[in-house]
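The values are calculated or read from the model by the stated rules, or taken from the named source; none is laboratory data. From a predicted model like this one, the values you see are computed outputs, not experimental measurements. Every residue, glycine as well, gets a Cβ built from its backbone with ideal geometry; the counts of neighbours run over all protein chains shown. Ligands, DNA and RNA are stripped out before the accessible areas are found, and what is left, the full protein with its side chains, is counted by its heavy atoms. Shrake-Rupley method; radii C 1.70, N 1.55, O 1.52, S 1.80 Å.
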Amino acid sequence: MDTSTLINSSRHTLRLLEKRAASRWRLTTLWRIDSDATIQRSLLRLLAVAHRERLDLVALIHNFADEHRGMWQFRLHRLARRLEAGMSLVDALEQTPDALSPSQTLAIRFATQSGTLPAIFDQLVKQPFNEQLVARAAIHRSVGYGITLIIFLALIATFLNMFIIPTLEKMSEEFGIRPPWSMLKYIEFSQSIARLGMVGFLLFWVVVLLSAFAPVRRITLRRLSNLWTRVSTQRRSSELLRLLSTAVAAGRPISGSLSILARYHFDKVIRNRLLFARNEVEFGAEPWECLERAKFISRAEADAIRGAWDSRMQAWTLAQIATVKSARVTHRFEKLAALSRPAVVLTISAVVLWIAVSFTQHLYQLVHSLV
């Protein structure tokens, strides 16, 4: 299928979505559940095509919302209602958190303020699927796998502590045998866990319930992201440099771009550093040196940008630096994802081995005393 046929097919599909049918219909099946990142990318493509083709965005989003269920359906209908009430696209997106990711919303805000919306839409749509999200999903699966194993292990340990260990202790008292050190430590550890078990159980469900609320989940993830300062800075720097490359290619001044980003960036730490860079530029400092001082780029990267002979080359250099920074973050997440599953398995295996050795030694002592 050639490009023109594909574009015509996409236009035809969007025209069908634009027409509100009397009865609701869905293209997706009842059992299909898309990830948040997939839905956000689909919404982003819809916004880009609607902007380019001058389509009725409210009708498109309402019909797009009907393709989903639960929170996403509510969220998308709310976004459409705000647009229908006369709110601008970027204001509606900012008032509807999680409709797009914070980075995507910031990019659209930046594009709206700097007059580079078509270029930013093209940049966002053409970006390949973020491998960092794939790595994070692998880490989340490892954590879920570990929690599942812990639950099963807790059930087995509860059975052992309630029925098997009391019997073994009674037999040891009758034969005058002191349980082995490993069994005594296991009993001591299990009793400590049992005392904290109810509190931990309640805390677990409190965390689960709070994570169901999008604002709490969003703030928590942002705080956790800030704890890993180096990776967070690399990722934020990559996103900012991509936006600056688009602005530089369009001939926009760096000071104005930094002002927009410093005003609207969602991360307080990054916002303060952008304000510092913006103020230095307005006082006459060289932009790339200011970004270096703000720790968005290294000295070598600043020299590479400074050495470009025109704005087009500078934009290309900024984009390449952003790609390299993003690749570094992706590599770190991939390493963590590769190590997370073995770490979980080895930890659970060590606990199981401890339990097995403890009971084996205890049974051996009992059997040996009978011989």
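Place the peptides 289-296, 304-311, 357-364, 45-52 in order of packing, highest mean first, counting for every residue the other Cβ atoms within 10 Å and averaging per peptide.
Those peptides, ordered most packed to least, come out 289-296, 45-52, 357-364, 304-311.
What distance in nm separates the simple spin-label points at TYR364 and ALA154, each placed 7 Å from Cα in the Cβ direction?
Result for the modelled spin labels: 3.2 nm.
Heavy atoms only, probe 1.4 Å: what % of the accessible area of the stretch 251-371 goes to carbon and sulfur, would you let me know?
63
Counting only C-alpha contacts under 8 Å and six or more residues apart, can you give the relative contact order of the stretch 232-322 as a whole percent?
That works out to 37 percent.
Net charge near LEU275: determine it from the other residues with C-beta under 13 Å of the C-beta of LEU275, scoring Lys and Arg +1 and Asp and Glu -1.
+3
Can you work out the accessible area per residue across the stretch 38-167, with the rest of the protein chains kept in place, probe 1.4 Å, in square angstrom?
48
Working out 0.36 nm times the residue gap between TRP309 and THR167, then minus their Cα-Cα distance, what length gain in nm do you get to one decimal?
42.8 nm
How much area per residue is accessible in the stretch 277-360 when the probe is 1.4 Å and only protein heavy atoms are counted (Å²)?
Normalised by residue count, the accessible surface of the stretch 277-360 is 57 Å².
Could you go through the stretch 320-325 in sequence order and give the Karplus-derived ³J(HN,Hα) for each residue, using 6.51 cos²θ - 1.76 cosθ + 1.60 with θ = phi - 60°, rounded to whole Hz, and x for Gly and Pro?
Values, residue by residue: 5, 5, 4, 5, 5, 4 Hz.
Calculate the translational D of the stretch 134-180 in whole µm² s⁻¹ from Stokes-Einstein, where the hydrodynamic radius comes from the Kirkwood formula applied to all Cα pairs, the temperature is 37 °C and the viscosity 0.692 mPa s.
Once the numbers are plugged in, D ends up at 248 µm²/s.
Karplus couplings for the stretch 45-55 from phi (6.51 cos²θ - 1.76 cosθ + 1.60, θ = phi - 60°), rounded to Hz, Gly and Pro as x?
5, 4, 5, 5, 5, 4, 5, 6, 9, 6, 8
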